[in-house]
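Undergrad: Pasting a structure below so you can have a look.
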Amino acid sequence: MPKTIEEINDKIRNGRAAVLRADEMTKLVRKVGPDEASEIVDVVTTGTFGAMCSSGVWLNFGHSDPPIRMTRVWLNNVEAYAGAAAVDAYLGATQNSDDLGLAYGGAHVIEDLINGREVVLRAVSYGTDCYPRKEILTRLKLEDLNFALMSNPRNAYQHYNAACNSSDRAISTYMGRLLPRFGNVTYSGAGELSPLMNDPLLETVGTGTRIFLGGTEGFITGPGTQHSPQNLFSTLMVQGDLKKMSSRFIRAASFPGYGCSLYVGLGIPIPVLNPKVARRTGIGDEEIAASVIDYSVPSRNRPVVRETNYAELRSGTIEIDGRSVPVSSLSSLPRARMVAETLKRWIQKGRFLLTAPVEPLPKRTVLRPLEERAVDADAVRREPTRRPADGRGPAWIRERCTSCGQCFSLCRSGAVVRNAELEIKVLAEKCVSCGLCRGACPMGARGSDNG
């Protein structure tokens, strides 16, 4: 009989919900079938713990005295993006240190913050009237930050390829060290525990879904970048409170010769609403295909050496050209199981309720490669938008004007007027070309006198 998420939540509140990890559900479905399993189980918990490069944190430092409009920011000599606001910055996990190179980066700063360590904040600015300070150097901990939000553009890949190397030299990649002449194979992903492998059609997972992220509650905020569900490459954009996370489930990494990444523990509860959901959460490693790709080929369309599955990969060896090749995982299956088990206990104790998506994730997307086109070097040098004046006074570029009203408060000649809807109009015949509006217009809607 079909269930609803609210019915399942009532069971969770009353301590009556039947919860299994995804690997446990696989065994049950094989034993009793999806129809009976859907009657027995209310929630299946999933988990993964692997390198998720497209991760980072939004940080708010608060205002110093005197205040500074931070234009460049470093934390332990790892640069963060400071182009959003005066004292906000986004620290990407893969940003490498200015002095330690590939050995230390944004991921390590994130782990240091989670572990309560002090980090050095350095910021510079050009200085403004309201933000006069031009430089600041201080120390801070996670508890000193007003706001620390993990916001990851692309996590929880539904499907991973395996990697090998046919060349005559070892190569360093985001899939780890690959030995020459098919000396080893590496892979990633949690197989039958994988969150999106347990809901491949995205029926129960969507924007607004509450998840396990880094040891605390998080949320899916939309499809991840490079989301391609029709190719079984769905991804998720997620967020959660960094101050509540644990380094058991957030861990910095550095791949020699490649750079930094962040290992993220992520789990999604799947409500078992009907036998179809039960069947999909009963997927096994031998049903999850993986292509072994030759990473020595410098092309986005690398050749497939052979097809395999997660059961064979987990065995520790696969055969290539008649040879037995050792296989190793980059992600941690024990830690993925720990994610799913922790989420299972939270639900059993009534600490974690399920949420229905407020918006479904797209079922089809179009991913285009970056096509390189010739560029005139002069074209990259932008000049401010200008238009020759029409008659007296500076030009008014109507399509640039948003009627914010800044010019209205500055004009002393009555050239700027507003109607009942507060829309701006400029009367050129009254303009005395004082230049106040031109120097203040944030939209560039006021051109110069001579263009």
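Undergrad: Assuming R0 = 45 Å, what is the FRET efficiency of residue 135 and residue 319, from their Cβ-Cβ distance, to the nearest 0.05?
TA: 0.15
Undergrad: Taking the alpha-carbon distance from residue 11 and a cut-off under 16 Å, which lysines remain once sequence neighbours fewer than 8 residues away in the same chain are dropped?
TA: Once the sequence-local lysines are set aside, what remains near residue 11 is 3, 344, 349.
Undergrad: Order these peptides, 337-345, 113-121, by their mean beta-carbon neighbour count within 10 angstrom, highest first. Don't jump to the answer; show the numbers that get you there.
TA: Working: 337-345: 21.0, 113-121: 17.3.
Order by mean packing, descending: 337-345, 113-121.
Undergrad: Using a Förster distance of 25 angstrom, determine the FRET efficiency expected from the C-beta separation of residue 304 and residue 371, and round it to 0.05. Each step should come with its number before you reach the end.
TA: On the way: r = 24 Å, r/R0 = 0.94.
FRET efficiency, residue 304 to residue 371: 0.60.
Undergrad: Could you work out how far apart the two model spin labels at residue 355 and residue 412 are, taking each label as a point 7 Å from the Cα in the direction of the beta carbon, and quote it in nm?
TA: Going by the 7 Å Cα→Cβ label model, 5.4 nm.
Undergrad: In terms of the Cα gyration tensor, with a ≥ b ≥ c the square roots of its eigenvalues, is the range 249-341 rounded because a/c is under 1.5, prolate because a/b exceeds b/c, or oblate? Provide the component values of the computation, followed by the final result.
TA: Details: a/c = 2.03, a/b = 1.29, b/c = 1.58.
Oblate, because a/c is 1.5 or more while a/b does not exceed b/c.
Undergrad: Pairing the Cα long axis of helix 333-348 with the longest principal axis of the chain, what angle in degrees results, from 0 to 90 and rounded to the nearest 10?
TA: Tilt of helix 333-348: around 80 degrees.
Undergrad: With a cut-off of 8 Å between alpha carbons and a minimum separation of six or more residues, what is the relative contact order of the chain in percent? Working shown, then result.
TA: On the way: 1115 pairs, mean separation 86.5, N = 451.
Reported as a whole number, the value is 19 percent.
Undergrad: Ranked highest first by the average count of other Cβ atoms within 10 Å around their residues, in what order do 299-308, 223-232 fall?
TA: Values: 299-308: 12.8, 223-232: 16.9.
For the peptides 299-308, 223-232, the packing ranking is 223-232, 299-308.
Undergrad: At a Förster distance of 41 Å, what's the computed FRET efficiency of residue 221 paired with residue 168, Cβ-Cβ distance as r, to 0.05?
TA: Details: r = 45 Å, r/R0 = 1.09.
With a Förster radius of 41 Å, E is 0.35.
Undergrad: Here is a follow-up. Determine the calculated [θ] at 222 nm for the chain from helices alone, applying -39500 (n - 2.57) to every DSSP H run no shorter than 4 residues and normalising by the residue count; nearest 500 deg cm²/dmol. If you can, show how the numbers build up before the last one.
TA: Details: 9 runs with 74 residues, N = 451.
Helices in the chain give a 222 nm mean residue ellipticity of -4500 deg cm²/dmol.
Undergrad: Place +1 on the Cβ of every Lys and Arg and -1 on the Cβ of every Asp and Glu in the chain, take the dipole about the Cα centre, and give the residue among 283, 416, 32 whose Cα lies farthest towards its positive end.
TA: Most positive-ward Cα: 416.
Undergrad: Cysteines of the chain lacking any other cysteine beta carbon under 4.7 Å?
TA: 53, 130, 164, 260, 401, 404, 411, 431, 434, 441
Bear in mind that the values in this text are calculations on the coordinates, not laboratory data. All of these numbers come straight from a predicted model, not from anything done at the bench. A quick note on method: Cβ atoms are made from the backbone with ideal geometry, for glycine too, and the neighbour counts reach across all protein chains shown.
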